[in-house]
1. Could you compute the net charge surrounding T165? Neighbours are other residues with a C-beta less than 10 Å from the C-beta of T165; K and R count +1, D and E count -1.
2. Please find the FRET efficiency linking R192 to D156, where r is the Cβ-Cβ separation and R0 is fixed at 30 Å, and quote it to the nearest 0.05.
3. Measuring from label point to label point, each 7 Å out along Cα→Cβ, what is the A202 to T73 span in nm?
4. Summing +1 for each Lys or Arg and -1 for each Asp or Glu, what net charge is found among the other residues whose Cβ lies under 11 Å from the Cβ of A302?
5. Find how many whole Å separate the alpha carbon centroid of region 170-184 from the alpha carbon centroid of region 141-161.
6. Can you check what the net charge comes to around G189, using other residues whose Cβ is under 13 Å from the Cβ of G189 (Lys, Arg +1; Asp, Glu -1)?
7. Applying a 10 Å radius around every beta-carbon, put 223-235, 165-177 in order of their mean neighbour count, most first.
8. Pull up all non-local amide H partners of V113: gap of 5 or more, or a different chain, and H-to-H distance under 5 Å with H placed in the peptide plane.
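Please treat every number below as a calculation from the coordinates, not as lab data. Owing to the predicted nature of the structure, the values given are computational and were not obtained by experimental measurement. Virtual Cβ from ideal backbone geometry, glycine too; neighbours counted across all protein chains shown.
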Amino acid sequence: MEGLGVLEEMGELTRRGEAFALATVVWRQGPSSSRPGSRAIITASGELRGWIGGACAEPVVIREAQQVMADGTARLLLLGTPGQFGAADPDGMTVVPISCQSEGALEIYIEPVLPAPHLVIVGDSPMARTLADLARALGWRADLIRGQDFTAGAADGRSMVVVATQGHGDEEALECAASARPAYLGLVGSRRRGATVLGYLADRGVPPDQLDRVRVPAGLDLGHTTHQEIAVAILAELVQLRASGALAGARVSVAGVPAAGVPAAGVPAAGPAKDPVCGMAVTASSSRPVRYEGADYYFCCAGCRQAFEQDPGAYVKRETRC
C-alpha cells in the first residue's frame, strides 16, 4: 500500500473511529529503500500498512508510533547508524541509532490520529441540545438520545455519558448508562435528587462500584446558572477531566507499548524485541528465534544470528549488564 492507498485507508480508519499513527519520511540519506514523502499507517495493534523503509526502520517506527498514540503527541525521529550523528541531538528530534548494514539514514515524522471524544447525552431538553452543540463545536462526536430510546449499546468504556432526563425516567436511564461502564457518567440534577436516584438504584441491586462513579450534579459548580450555562459547566468539567488524564477509560488502548527505554531481548513473540548482538529493535514475529536458557532471542539479519549461535553466553551477559 502506498500513495492514494494510504490516504484511503486513513479515511476508512477515521470513519470507523479507530486510532492510528501516520509516519511520513521527510528526509533520507542513501543508501535507503524509502524516499521523501513515503508514508505508512501504524494501527493501535502494531500493524504497519504502507512503506517507510526496510527491516531496519520498521520495528523502530512501529514502537515509536505506538508510544505516540499512547501519548497523543507527535514526534520527529532521526534514524541512523550509531555515531552517525555525533554527540549532539538536534533540537526537537528523537535520535534512534539503528545498526543497519546499508548505513543509510531517515528522518520520519510520526503523528497520532485519534478518534474524536464521544459524548452521549440522554435527554431532549434545551440544556441537552445546547451541550450537544457545544461539544460538536469542539470537534467531538455528540449523540443526543431521548431517554426512552437510550440503550447501553449507545456507549462504551471510552464514552462520556450525561443523563439529562430531568425527572423523566432518571432511574432507568442512569441504570442503563451505568451498565455500559463509560469513562464518565454524570447526572443533571440537584444533590438531593441525585441521592434519591442513587439510593433507589442501590436498593435495586445496582453494584456499588457503578454507582460510586456517578457524578451528581454533573458539571463544575458555577452557582446559580441558566440552562445554557449548565451546559457550559458540564462541558468545562469534561474538558478539565480529559486534560488532566482523569478519564483513564477514555484513553486509546495501544497494544505492545513498551516501558521506557528499549525493550529487552527474550520478550514474547507478539511484542517488540532487541537484537542482542547489534542492539537493533526488531519485530519478534518477523524472524525465527534462537532459544537460549529458556528465552527466545531475535535478530535483524543472518550475520547477527550466526554470531549469537557461536557464543550466546557473551551476548546474554552483555544484555544483563545493560
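1. Every neighbour counted, the sum reads -3.
2. 0.45
3. According to this spin-label approximation, the distance is 4.2 nm.
4. That sum, taken over residues with Cβ under 11 Å, equals +1.
5. Each part reduced to its Cα centre gives a spacing of 9 Å.
6. +2
7. In descending order of packing, they fall as 165-177, 223-235.
8. Those lying under 5 Å, H to H, from V113 are F20, A21, L22.
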